[in-house]
Amino acid sequence: MKTIKLLLSIILITVLPLNAQEVKGKITSKNEALPYVNVYLKGTTKGNASNEFGDYQIKNIKEGNYTIVASFTGYKSVEKQIFIKNNEVLTVHFNLKESALLDEVTVTGTLKPVSRLESPIPVEVYSATFLKQNPISNVFEALQNVNGVRPQLNCNVCNTGDIHINGLEGPYTLVLIDGMPIVSGLSTVYGLSGIPNSLIEQIEIVKGPASSLYGSEAVGGLINIRTKQFFKAPLVFTDVFSNSWGETNFDLGFKTNVGKKANVLVGANYFNYSNPIDNNNDNFTDVTLQDRISVFQKWNFERNSGKAFSLAGRYFYEDRWGGEMQWNSSYRGGNDIYGESIYTSRYEIIGNYELPVSEHMNFQFSYSDHDQNSVYGDTPYIAQQKIGFGQLLWDKSVNNHDLLFGVAARYNFYNDNTTATVHADEVTIPSIFAQDEFSITEKQHILLGARYDYDQRHGSIFTPRLAYRFKPTKNDIIRLNAGTGFRVVNLFTEDHAALTGSRDVIIEEELKPEQSYNVTLNYLKTLTTNSGELFTFDASLWYTHFTNAIIPDYDTNPNQIIYANLDGYSTSKGASFNIDAILNTNLRASVGATFQDVSQTENNVKTQQILTEKFNGVWSVSYKNYKTNLSVDYTGTIYGPMRLPLLGDLDPRSEYSPTWSIQNIQLTFNGLKHFEIYGGVKNILNWTPNKGNPFIIARSDDPFDKNVEFDNDGNATVTDDNPYALTFDPSYVYAPNQGRRLFLGLRFMIN
């Protein structure tokens, strides 16, 4: 008996000090429990989320001093200093207050975790709640509700597209996943698909050049998709919805500990649309058919030093096609029935390792491999792209200066079967960069940054930037940003129009890199009324000047797309504003608008950029009735006229699009434990671009131009069968062809 007691004593002495310490408590707001709040120990991997009753618990904490943080979208974050002793269960409660100006932590603007309020770089942050307001199957479509950002479809047949920021074409936008630049060129549209929305922590958007930190592709702006940390993710989740067009989206995920030193977050997304619809009666599918699956894993390893080590990976496969309604895979690559069929396979690896040294140094790395097997009618396009990236960051504070130094290398491999790629394009670009943030006075803050890249194709590239933040009062922030950008063009990976349709692609010269110069002025203000309403006002002015711009010329010859460096310059200038309001605990609203002028000037002739609107606007209204557990979300976008690519003077289609709007409404019920039921109507106004036009796709009845007659110069001529002298062309596209549809979905979540 004494031996048993001795063994028990030894076990208690050795085990309890390691595992008995914990912190628990309750999260409230206005004397009501607040569920799903992220509570974590700053600088560690320890954390959890409050349950539906507002209670939280963090176990297995080592003895010591900590900063415990409670953070939730729409509320001011609260930090408390605690000391936990051996064998202690510490109780710490939080009472959070609502905030109109969301104080999220962002890393995109400066490569450091910093409050959005304190960042000298204007960063727009959109949380997971934003994605739920208008549920979609991919982030690409979700960005239509961001002011100044527009997902642009580039083809009426296969529905691939890119992201425009402040009117600039998609190739000027860099897409990051967890801060890693693995999505570009060939893979841009696919990088925004297949990530389960339930695993997205937030989306961070920087408008304007960020080349001094992220390299040559961040010319017009960047989008960083940040996935959830382990302690912020739900234990188990599913989200499935379907709509009246037959589209079905299914998300599934969970998290678990693997042994004592590792944990993993797993997510999978499956999307299917296999219901050909032709509502505009042109014998072509209105929406491309898709069968897509994506699997995501994020591992976190606990080290004895407490330093970070994480690995993440994703595999993506998609089979998509669009074309004539009678098309099937037996016609793939032939010239009997027209179809555009794309098989895509890609995988990605992302890692972060904090070095075991006294200084704060991190090594970050990523690799992606993308294979595309596609045919556009009878034109095959077989391409492969590999991107490897690694960078070492040293974060150092010296007196009043917050310094960041980095060395990086990016490996790009691209090869395809087109005549433009005689040999595989393979290049490694080494880089060094430095950044210094410091305060001039208590209210004035400056960031200076510079990057040096060496590209063996173009030599040395230097990209500096300057950011100035002035905070005259606690409710007002003024930011001034200036910088340069540099971009090397990969034509066929960036412009889908070069592959589809019957236009000839003409490259008049060896394309030189583009250079940009940008300045942006931003003003942010918060206002609290006497009756308790909270408002945030965010306004910006910007100007970007491009030299050596490469803009596809659809106008010189209607049967050609001509690519050359612009003998002149192009500019993007404009203004935008956003207003966010919390009117009471039940009602929230936001509205934003952007007015822009994007043009090119050559031989003193100014021309509006094609497929770019003069203005756009977004809005959302959310109302929740707590007694019935019902909430309503109303979202909408509006776009002004944009110049469209016509095929000649006889083309009967409108040269400019009308002003058009997409509006959606959703009703959500969350009165059942662990479940949410939601449904609604998308595109309430039933807007489609065929309205007011005799047709959208030119010569859809003759997609291989078998019945088109050409003159000696290669131009289509007028015949009885072809009164407008057109050739087949699906590039006249500015809005989705998908009309009104109902949707219904179910979410299940255990935290």
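Here are a few things to note about the model shown:
- Where only C-alpha atoms are counted, convex hull volume of the chain per residue in Å³: 178
- Helix-derived mean residue ellipticity, 222 nm - over the chain, DSSP H n ≥ 4, -39500 (n - 2.57), to 500: -1500 deg cm²/dmol
- Nearest 10 degrees, 0 to 90: helix 2-19 Cα axis against the chain principal axis: 50
- Among the listed pairs 62/255; 132/624; 132/207; 26/59; 207/307, those beyond 25 Å (Cα-Cα): 207/307
- Ordering 307, 606 from the fewest to the most neighbouring beta carbons within 10 Å gives 606, 307.
- Annotation for segment 611-654 versus segment 680-751: alpha-carbon center distance of 18 Å.
- Taking a sphere under 10 Å around the Cβ of residue 681 and counting the other residues whose Cβ falls inside, with K and R at +1 and D and E at -1, yields a net charge of +3.
- Solvent-free Debye calculation, one equal scatterer per alpha-carbon of segment 340-433: log10 I(q)/I(0) at 0.11, 0.15, 0.23, 0.24 Å⁻¹ equals -0.50, -0.72, -1.14, -1.18.
- Put in line by how crowded their Cβ is, counting other Cβ atoms within 10 Å and starting with the fewest, 305, 590 read 305, 590.
- With a cut-off of 11 Å between beta carbons, the residues surrounding residue 614 carry a summed charge of -1, where Lys and Arg count +1 and Asp and Glu -1.
- Here the scattering of segment 573-685 is modelled by Debye summation over its C-alpha atoms, one equal scatterer each and no solvent; at q = 0.11, 0.14, 0.22 Å⁻¹ the log10 of I(q)/I(0) is -0.56, -0.75, -1.21.
- Neighbourhood charge, 14 Å Cβ-Cβ cut-off, centred on residue 250 and excluding it, Lys, Arg +1 and Asp, Glu -1: -2
Values quoted throughout were computed directly from the atomic coordinates according to the rules given, and no laboratory measurement underlies them. Only a predicted model underlies this, so the values are computations on that prediction, with no experimental measurement involved. We place every Cβ from the backbone using ideal geometry, glycine too, and count neighbours over all the protein chains shown.
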